[in-house]
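Okay, structure first, notes after.
The values are calculated or read from the model by the stated rules, or taken from the named source; none is laboratory data. This one's a predicted model, so the numbers in the text were calculated from it and none came from an experiment. Neighbour counts run over all protein chains shown; Cβ positions are idealised from the backbone, glycine included. Areas reflect the complete protein model, heavy atoms only, side chains present, ligands, DNA and RNA absent. Shrake-Rupley method; radii C 1.70, N 1.55, O 1.52, S 1.80 Å.
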4 protein chains.
Amino acid sequence: MYEHRSRRRVEFADTDMAGIVHFSRFFVFMEAAEHAFLRALGTSVHFEHEGRTIGWPRIEAQCRYHSPARLDDELEVVVSVARKGRRSVTWGFRILCGDRLVAEGRIATICCAIGGKGTDGKSVLEPIPIPSFLADQLEEAPRVVQEVPA
Amino acid sequence: MYEHRSRRRVEFADTDMAGIVHFSRFFVFMEAAEHAFLRALGTSVHFEHEGRTIGWPRIEAQCRYHSPARLDDELEVVVSVARKGRRSVTWGFRILCGDRLVAEGRIATICCAIGGKGTDGKSVLEPIPIPSFLADQLEEAPRVVQEVPA
Amino acid sequence: MYEHRSRRRVEFADTDMAGIVHFSRFFVFMEAAEHAFLRALGTSVHFEHEGRTIGWPRIEAQCRYHSPARLDDELEVVVSVARKGRRSVTWGFRILCGDRLVAEGRIATICCAIGGKGTDGKSVLEPIPIPSFLADQLEEAPRVVQEVPA
Amino acid sequence: MYEHRSRRRVEFADTDMAGIVHFSRFFVFMEAAEHAFLRALGTSVHFEHEGRTIGWPRIEAQCRYHSPARLDDELEVVVSVARKGRRSVTWGFRILCGDRLVAEGRIATICCAIGGKGTDGKSVLEPIPIPSFLADQLEEAPRVVQEVPA
C-alpha cells in the first residue's frame, strides 16, 4: 500500500465569512485522512498495544493553499508516508477537488505511549519505537512518493 | 455571586460563509462562560475531588438565535443557574452585543465521577451528588436572575 | 421521501479531553445531515433562486445527549421534517450508533433571501416563503414522524 | 510597534481526547492574534478600502509543537512580521505558557480585493498591493524580532 485516498464533502461549518473553507480545517481533513490510512492498515490513531495506549502527537504541521475549497465540494485527500523514522512518521498530503489541486501538506507525528501521570498529575507522553506490526507495513510505503514533495 | 459575565470577541474562525457566527459556536461560547463561572467559584470543569476526577457531561443544550453576531463583535455572555438539582445543574445564558440580545441558551449538565474503565475498556461516567463546597455556592444563585451586575 | 439518513465517522478533532465527542459537534453533525437531505431534494443550503441567494439561518437549535460517541464510531444521522411553516422548517434528528441512541435534536430554520446591504453596510436577511419547488417536496414529508418526538 | 502580544485561555472545546489542545486549534490561535495585531494597527482582517473589500487569504501555514497546552492554560501569543512583500505578509508566531514555549508558527498571507463574481459565479480574489497606510506601519516592524517587549 503506497498511498491512501479518502473523500469528504465540504460542510457549511468548514467555511468562513470569506465564503471558502477556513484554512485551519485542512489540518482536520489531513488528520482524518491519516487516521483512515491507519484504519486501512488495521490499526487506529489511539490503540492499546502490549498494555499501553499508543498515540501519535503531532510535532509539526504545514499546509500550502493552492486554490479555495467551497461548500459541497467533494475533496479527495491523498495520504502517503513522506518520511518514516524509528519513532516518527511524517505524512504527506495532497487535497484535490477533481483535477484541481486545493492544498498540499505534511504532518510530522511521533509514536508515544500515553499513560501514567507525571509528578504534576498530568498524563505522560513517552516516545517509543513504532510497534513492528505497524512499522513493517509503513516500510512498504516508499519514502519518497512521486508528486508529493515534502 | 448571582450571575457571571464574561466577554469574548468574535473571531474569524467563528464565522461561516453567511458572514455571521456559525450557530454551533454559540454552544462553545456558552460552555466557556460556564467554565469561567466555575473558575470564579474556585473550581474547574474538570477537577480532582476526594481522589476522583469530576466532570460535567452535558445532557441537553439549547439555543435561540435572536440576531447575528459578526467578526470583531464584542460579546458579553451572562451565565446564571437556571436549575440546581442534587446531581445536576442547568445553566442559563444570555449573549449580548452591547444592548442587543444575540442569543439565549441553556445547558443541562450532570455531575459525574470519571474514571476506571468499564467492561468495554471505555472510561465510565458515574453520576454523583455535587460536592458540597460547590453545591453551597450554587445554592446562593437565585433561579431567576434579573439585571444583577457582576 | 419521509426521512433522510446519512452516515459519518467520529473524527479525532470531534473529541474533547473527556474522551468523547464534544457536545457542540452534534450540531455540526445535524446541520450536515440537513444539508445532505436538501441535496437529496435537488437543492442546497445556499442556492440561487430567481436572482437571489437563498439561505436558511437558524432560529433555534436543541440537542439531548443520550449516550456518548467516541473516536471511530460510525454514526447514522436520521433527519425528518418536524414542522413545516410557510417560511420556516424545523428539522428533527436522531443520531444513532448501531442500535444505540446517541442524541436527538431539532433545528428550526427560516427561509431567507440574503443580499443587498443594510444601512449599516451589513448584508440583509429577509424572510421569504419557501420556494414552491422545495416546499412541495417538503410537504411530502409527514409532519409527525414516528419515533421522532419534537 | 514591533510585535504584538495577546492572551487567551485554553477552552474545553480546544482540547481533544489526548487531553491536550488539538493541533489544528493553534492555527486559530495564531490567526486571532494576527487579527488583534491588525486591530492594534487600526485596521481589520476584512475591511473596506477605496470601495473594495480587502481580505488576507492564507497561502501557507506551519506550526511546530514544542510542548502541550491544556485546559485553562493561559497562553500568550506573540506575533511579529516575519516577511513583508508588496502584496504579502508572513506573520511569525510564538505561543507561550508562562516561560514555556508551546508552539511556534508562521502564516503567509496575501492581500486581496474580494468581490465581483467570476464567470463561475464565485467571488473573485484579486491580489493587490498592501494599502500604503498599512504597509507603512508594517514596514516599521523589523523582520527578525528578538525579545522586544510589547
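Distance between the C-alpha centres of segment C:21-69 and segment B:88-116: 22 Å, rounded to the whole angstrom. Each copy carries a label point for B:H66 at 7 Å from Cα along the beta-carbon vector; from one copy to the others these points are 3.4, 4.5, 4.8 nm apart, nearest first. With label points defined 7 Å past Cα in the direction of Cβ, position D:R9 shows copy-to-copy spacings of 1.8, 3.7, 4.0 nm, given to one decimal and shortest first. Taking amide H as placed 1.01 Å from N in the peptide plane, C:E60 has its amide H under 5 Å from the amide H of B:Y65, C:A108, each at least 5 places away in sequence or on another chain.
Proximity of backbone amide H atoms, modeled 1.01 Å from N, is registered between A:H49 and A:I54 at under 5 Å, excluding neighbours fewer than 5 places apart on the same chain. Across segment C:53-64, rounded Karplus estimates of 3J(HN,Hα) from the backbone phi angles (6.51 cos²θ - 1.76 cosθ + 1.60, θ = phi - 60°) give 8, 9, x, 10, x, 8, 10, 7, 9, 8, 8, 10 Hz, Gly and Pro being marked x.
In the full protein context, the protein assembly as shown carries 42 Å² of accessible surface per residue, based on a 1.4 Å probe and ignoring ligands, DNA and RNA. Short to long, the 10 Å bins of the Cα pair-distance histogram for the protein assembly as shown hold 3, 16, 26, 29, 19, 7, 0 percent of all pairs.
For chain B, what is the per residue volume of the convex hull drawn over the alpha-carbon atoms, in cubic angstrom?
Numbers: hull volume 18.4 nm³, N = 150.
Expressed per residue, the convex hull around the Cα atoms of chain B is 123 Å³.
3J(HN,Hα) along segment C:2-11, derived from phi through the Karplus expression 6.51 cos²θ - 1.76 cosθ + 1.60 where θ = phi - 60°, amounts to 9, 8, 10, 10, 10, 10, 8, 9, 5, 9 Hz, with x in place of Gly and Pro. Per-residue shielding of C:6-14, expressed as the average number of other chain Cβ atoms within 10 Å of the residue Cβ, stands at 6. The angle between the Cα long axis of helix B:25-40 and the longest principal axis of the Cα atoms of chain B comes to about 60 degrees, rounded to the nearest 10.
For the rotation that carries chain D onto chain B, the axis lies closest to a Cβ at D:R8, 5, where the number is the distance in whole Å. Across peptide B:58-70, the average count of Cβ atoms from other chains found within 10 Å of a residue's Cβ is 5.
Please compute the average number of Cβ atoms from other chains found within 10 Å of each residue's Cβ in peptide C:28-38.
Working: counts 8, 3, 1, 7, 5, 0, 1, 6, 2, 0, 0.
So the per-residue partner count for this stretch is 3.
How would A:L96, D:L75 rank on accessible area, largest to smallest, probe 1.4 Å? Could the numbers behind the result be given before it?
On the way: A:L96 25, D:L75 0 Å².
Ranking A:L96, D:L75 by accessible area, largest first, yields A:L96, D:L75.
Where in segment B:36-87 are there GluC sites (Glu not before Pro) that are in a DSSP coil and have at most 11 other Cβ atoms within 10 angstrom of their Cβ?
Numbers: sites: B:E48, B:E50, B:E60, B:E74, B:E76; in loops: B:E50.
Qualifying residues, ordered by number: B:E50.
Between B:V102 and B:I95, B:L96, B:C97, the built amide H atoms are under 5 Å apart, and every one of these is 5 or more places off in sequence or on another chain.
Per the 1.4 Å probe, what fraction of the accessible area of chain D, in percent, lies on carbon and sulfur atoms?
Carbon and sulfur atoms account for 48 percent of the accessible area of chain D.
Plainly put, the tip 7 Å out from Cα toward Cβ on D:E126 is 2.8, 6.1, 6.7 nm from that tip on each other copy, the closest given first. Interface between chains A and C: roughly 1300 Å² of accessible area buried, both sides summed (probe 1.4 Å, protein heavy atoms only).
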